[in-house]
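Structure first, then comments.
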Amino acid sequence: MALDRPFAYDPRLGLARRDAVDTAPLVPKAVVTALPPPEAPPPPVFRPGGLIYEIAVRPFTLLHPDVPKDLRGTIAALAHPEIIAHLTRIGVTAVELMPVTAWIDERHLGPLGLTNGWGYNPVAMMALDPRLCPGGIAELRDTTAALRRAGIGVILDVVFNHTGESDSHGPTLSLRGLDAHAYFRHAPDGSLVNDTGTGNTLACDHPATRRLVLDSLRHFVGQAGVDGFRFDLGPILGRGPEGFDPNAALLAEMIADPLLGDRILIAEPWDIGPGGYQLGNFPVPFLEWNDRYRDRMRRFWRGDPHMLGEFATALCGSGDTYTPPATRSVSFIAAHDGFTLADITAYRDKHNHANGEDNRDGHGENLSWNNGAEGATPAPAIRAARRQDVMALLSTLYATRGTIMLKAGDEFGHSQQGNNNAYAQDNALTWLDWQARDRDLEAHCGRLASLRRTAPHLADPHLLTGTGDPPDATWLTPAGVPMQPSDWEAPSADLLALILTPPGGDALAVLVNRSHAPATFHLPVRSGFTWTGAPDGRINAAPRSIAFVAETPAPPP
C-alpha cells in the first residue's frame, strides 16, 4: 500500500507526501559483514576518581605534525605514541570520544556551506562513521587495546535520544523507515514529541528501542572492549508516558546486563522535555555530568559574591547533590558545548556569527569574563591575567574530589574565538594547533597530574565527613583558625585553606586565593610533621591561584 511506503516532504504542498513517494533510491546502503563472536572484555581501566579527556576525533589530530598524514583525524591516530605520551603526561585515565557512529548534517547546514563536525545527529547506532574510522570495528578495537596498554580507557559518547531524520520535514533514512511508531515518541495527536530539540525523540520505553540500545552497547563492549559510555541527553533513556523514571526498564537492564554491568555509565542528566533536569537522580552506579559544578566554579573565579561556600562544596565532590558514601559527579569547567577554557577568561559574550544564524544560537549566558578586553588583544597585562585565570581554573579542576573531565585542547590554551556552539565548524576554528600550543600551560597540567597521582586522597570519590582524628577535611581561614559561618557568608570572601588528611597518611593543604593580591596563610603544624618548604606553616599564595603544600614527617632532631 502507498501509505506504508517511505515518504518525503513536498515543499510545494507544505506537507509530507504519502502518495507513492519512495525514497529508497536516495537512502544510503550498507553491507553487513560477519563478525567473530564477542569476547568477554577485560575489566574497565577507568575508575571513578580518574581524569576523563573529551575528544572530538577529527579535529584532535588533524594538524598533529607527528601523526602520519593518512592517520590524521581518525580513531587510529589516537594510538600513536606521541598522542599516548601527551595523554599520559596530563594524567588522562580515559578518553571520551564524541560520537563516532555514522551521522548526517542537519538540513540547514548545506546552504550555509557548513558541515556537522560533532556527530550528534546519528543515522546508525552500531556502524562506525567511515570518515573517522575507515578500518571499522577492528580499528576501534586496536586503538582501544593500545590505549589500554598505557592505562587509558575508552568511553564512547553515544546518542540514543534521536536520529538525524529530524521532524516531519526530514528524510527517511533509518528508523523512520523501519517502524516510526515503535522507535519514536508521538503525542496523542500523532505529532512527533520533541524532548531533544532535534525534531524527534526515541521511545526508549518501547521493547524494540530498548533492544536496539542494548545490542549497540553490547556490540562495542564485546567487539572493541570499550570501558563504557556517556549518554547524550540521558533522561530520554528513562522517559515513559509519565516522564523520567530512574527505575525505567532500559536503565535497569543496562545495570543488570552481564556484559555491561561493570562498564562505566555516564549520564548527561538533562533534556529539554518536561522535568528534563535530573542531576542527582540517575540510579547508582551512573556517573553524571555536573553542570552545577561548572557554573559554581565559573561564578567563583569571575568574582561573584557569596560563592565561597558553593565553591568549597563543589570542590569536595558536590555533597549537596550526591549522598554518601561517594560522589557520582563528573566535574568539568568546560566541555564541547560552550566556551573553551581559554575563552571563558577572554570573552564576555558569545561570537557565533560564523554559524550562519545571526549569533542567535548557543547559550547567551556563559558565566565568563574577558579581563578588560573582548577577544584577542596585544595588551600584555590582559594576556597575563587571562593566563593566570586559566591556570587557576585548571588547578581547581585537578584539585576536585572524584571524577573530573578536561576538554581536549584546554590544557594548552585552545581558543574558538568566542564561538560557544562550534558544532558546524569543521575548520581551523576547532582543529587543535599542536605546534602553537602553550607548552608552559601544558606543563602546569603535567604538574597537577603528578600531584593527583602522588596524593590519591585528592581525587578519592568518597565524600568527606570532617570527622576522624585527625579529621579527613579541615577548613581554615588564612590565619589558620577554623572557618566560622561569618567567614563563609562574607560577600567578598576570597581566601580559603583546605587540609586533607587520609587515615594514617600525610596531609595535603589546598590554598585558594581568588583575590588580585598575594595572600599569606598560616597552617597549623602537627607534632612530628612539617610542611614542605614552610616548616613554620607560613605560606605565601600568589594572586588568582590555588597552591598545594604537602605535609611530610619532620626530620629527627
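The values are calculated or read from the model by the stated rules, or taken from the named source; none is laboratory data. These numbers come from a predicted model, not from an experiment. Reconstructed Cβ throughout: ideal geometry from the backbone, glycine too, with neighbour counts over all protein chains shown. In case anyone asks, the SASA skips ligands and DNA or RNA and just uses the protein heavy atoms, side chains included. Shrake-Rupley method; radii C 1.70, N 1.55, O 1.52, S 1.80 Å.
Computed quantities for the displayed model
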read-out	value
R107 being touching a helix residue (DSSP H, G or I) at 6+ places or on another chain (Cβ under 8 Å) and open to solvent by 30 Å² or more (accessible area, probe 1.4 Å)	no
Some residue of the range 463-473 being touching a strand residue (DSSP E or B) at 6+ places or on another chain (Cβ under 8 Å), at pLDDT below 95, on the phi > 0 side of the Ramachandran plot and open to solvent by 20 Å² or more (accessible area, probe 1.4 Å)	yes
Candidate set: the range 281-293, residues that are free of Cβ contacts under 8 Å to residues at least 60 places away in the same chain and in a helix (DSSP H, G or I); chosen: the one farthest from P324 (Cα to Cα)	D291
Qualifying residue in the range 506-515 (condition: farther than 26 Å from P324 by Cβ, of a type in the set (G, A, S) and surrounded by 14 or more Cβ atoms within 10 Å (Cβ to Cβ))	yes
Hits in the range 177-191 - residues which are modelled with pLDDT of 90 or more, out of contact with any Ser or Thr (no Cβ under 7 Å at 6 or more places or on another chain), under 20 Å from R107 (Cβ atoms) and not in a loop (DSSP other than H, G, I, E, B)	A180
D494 vs. criteria among the acidic types (D, E) and open to solvent by less than 60 Å² (accessible area, probe 1.4 Å)	yes
Total residues in the range 389-419, condition among the charged types (D, E, K, R) and in a helix (DSSP H, G or I)	3
Any pair with Cβ under 8 angstrom, 6 or more apart, that starts in the range 126-152 at a residue that is closer than 18 Å to T101 by Cβ and assigned to a loop (DSSP other than H, G, I, E, B) and ends at one that is modelled with pLDDT of 95 or more and open to solvent by 40 Å² or more (accessible area, probe 1.4 Å)	M126/D215; R131/R58; L132/R58; G135/D142
Selected residue [of a type in the set (D, E), under 18 Å from M125 (Cβ atoms) and buried (at least 23 other Cβ atoms within 10 Å of the Cβ)] from D179, D205, D232	D232
Identity of the residue in the range 44-77, in a helix (DSSP H, G or I), of a type outside the set (A, V, I, L, M, F, W, C) and under 30 Å from R328 (Cα atoms), that ends up most open to solvent (accessible area, probe 1.4 Å)	R58
Residue pairs meeting the criteria (Cβ under 9 Å; at least 6 apart or on separate chains; first surrounded by 15 or more Cβ atoms within 10 Å (Cβ to Cβ), in the range 253-280; second at pLDDT below 95 and among the aliphatic types (A, V, I, L, M))	L259/A40
The listed residue being open to solvent by less than 30 Å² (accessible area, probe 1.4 Å), touching a residue at least 12 places away in the same chain (Cβ under 8 Å), among the aliphatic types (A, V, I, L, M) and not in a helix (DSSP H, G or I), out of A314, A334, A376, A342	A334
Wholly within the range 493-557, strands (runs of 3 or more DSSP E) carrying at least 1 residues that are small (G, A, S) and modelled with pLDDT of 95 or more	495-500, 508-513, 519-522, 538-541, 545-553
Of all residues in the range 92-111 being modelled with pLDDT under 95 and not in a loop (DSSP other than H, G, I, E, B), the one that is farthest from L173 (Cα to Cα)	P111
Single unsatisfied condition, R218 versus (1) open to solvent by 40 Å² or more (accessible area, probe 1.4 Å); (2) out of contact with any Leu (no Cβ under 6 Å at 6 or more places or on another chain)	(2)
Filter result for the condition that a residue is open to solvent by 10 Å² or more (accessible area, probe 1.4 Å), among the basic types (K, R), touching a helix residue (DSSP H, G or I) at 6+ places or on another chain (Cβ under 7 Å) and in a helix (DSSP H, G or I), over R437, R386, R452	R452
Residue identified as open to solvent by 40 Å² or more (accessible area, probe 1.4 Å), closer than 30 Å to H108 by Cβ and not in a helix (DSSP H, G or I) among N194, N200	N194
Subset of the range 258-303 that is among the acidic types (D, E) and in contact with a Lys or Arg (Cβ under 9 Å, 6 or more places away or on another chain) - its residue that is farthest from P43 (Cα to Cα)	D271
Evaluation of W488 against (1) under 30 Å from the mean Cα position of the chain (by Cα); (2) assigned to a strand (DSSP E or B); (3) hydrophobic (A, V, I, L, M, F, W, C) (one fails), failing number	(2)
Pairs, first in a helix (DSSP H, G or I) in the range 349-365, second surrounded by 11 or more Cβ atoms within 10 Å (Cβ to Cβ), C-beta under 6 Å, six or more apart	H353/N359; N355/D361; N355/A424
